[in-house]
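Trainee: Handing you this structure, nothing more for now.
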Amino acid sequence: MSGEKPTTAFVLMLLSGIILLLFAILALAIGALLRAEIPLEESMPLPTGMGFLTAFAIGTVMIIVGAIALLIGLLMIVAAFKIRSGEPGKVKTWSIIGIILSIVSLITVGGGFYLSFVLGLIGGILGLTWKPPEKPVAQEQTPLPPPV
C-alpha cells in the first residue's frame with residue numbers, strides 16, 4: 001500500500017473506533033437501565049430475590065464493559081488520526097498501538113461485535129505496510145561548456 005497518506009488504514013481504524021464507541025454507549029445504557037431498579041430513598045423497600053441481584057450484577061458489569069470500550073474506542077480514534085498524519089514514524093507506531101488496542105478490545109469487551117476488532121486489525125496492518133511516496137532524486141547535471 002503506497003500513496004501520499006495511508007487513507008485506507010485511517011478509514012478502517014476510524015470506523016473501528018466509531019463502532020466501539022457505539023458499542024460502549026449501548027453497554028452503558030443497558031447497564032444504567034439494569035441498575036435503575038435500585039431504590040433511591042431509604043423509605044422505599046429494597047427488592048429481594050435473585051432477579052434483583054442478577055440485574056444489579058449484570059448492570060454493574062455492563063457499565064464496566066462500557067467504560068472500557070469507551071476508553072479503547074477513543075484511543076482507536078486518536079490512533080486513526082495519528083495514522084492519517086502521513087509521517088512514517090507516527091504511522092508505524094500508531095498502527096502497532098491500533099493493533100494492540102484491537103486485540104485488547106477483543107479480549108476485554110468482545111471486540112465491539114467483532115467487527116471493530118477486525119477493522120482495527122486490518123487498518124493497523126495496512127498502516128504497517130504503508131510506504132511513503134519516494135521523493136524524486138534530482139540528477140546532478142554537469143554544466144554545459146561556454147559557447148565558442
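Trainee: Among the residues of segment 112-148, write down those that are among the small types (Gly, Ala, Ser), touching a residue at least 12 places away in the same chain (Cβ under 8 Å) and either farther than 17 Å from residue 75 by Cα or part of a loop (DSSP other than H, G, I, E, B) (or both).
Mentor: Step one: filter segment 112-148 for residues among the small types (Gly, Ala, Ser), giving 112, 116, 120, 123-124, 127, 138.
Now drop any that are not touching a residue at least 12 places away in the same chain (Cβ under 8 Å), which leaves 112, 116, 120, 123-124, 127.
112 - this is the single residue of segment 112-148 that is among the small types (Gly, Ala, Ser), touching a residue at least 12 places away in the same chain (Cβ under 8 Å) and either farther than 17 Å from residue 75 by Cα or part of a loop (DSSP other than H, G, I, E, B) (or both).
Trainee: Of the residues 75, 53, which single one is at pLDDT below 85 and not in a loop (DSSP other than H, G, I, E, B)?
Mentor: Details: 75 fails: at pLDDT below 85.
Just one listed residue meets the conditions, 53.
Trainee: Can I ask one more? Hey, does segment 31-45 have a residue that's closer than 23 Å to residue 18 by Cα, buried (at least 17 other Cβ atoms within 10 Å of the Cβ) and at pLDDT 85 or above? Walk me through it before giving the result.
Mentor: Of segment 31-45, the ones closer than 23 Å to residue 18 by Cα are 31-33.
Retained after the next criterion (residues that are buried (at least 17 other Cβ atoms within 10 Å of the Cβ)): 31.
Pick out the ones that are also at pLDDT 85 or above and you get 31.
So far as segment 31-45 goes, yes, one or more of its residues are closer than 23 Å to residue 18 by Cα, buried (at least 17 other Cβ atoms within 10 Å of the Cβ) and at pLDDT 85 or above.
Trainee: Quick one: what pairs do we get from segment 68-94, first residue polar (S, T, N, Q), second at pLDDT below 95, C-beta under 9 Å, 6+ apart or different chains?
Mentor: Taking only residues 6 or more apart or on different chains, the pairs are 85/5.
Trainee: Additional query: Search segment 98-131 for residues being farther than 13 Å from residue 9 by Cα, surrounded by fewer than 20 Cβ atoms within 10 Å (Cβ to Cβ) and hydrophobic (A, V, I, L, M, F, W, C), and hand back the single one that is modelled with the lowest pLDDT.
Mentor: My answer is 113.
The values are calculated or read from the model by the stated rules, or taken from the named source; none is laboratory data. Predicted model, so just to flag it, every value in this text is computed and none were measured. So basically every Cβ, Gly included, is an ideal-geometry build from the backbone, and we count neighbours across all protein chains shown.
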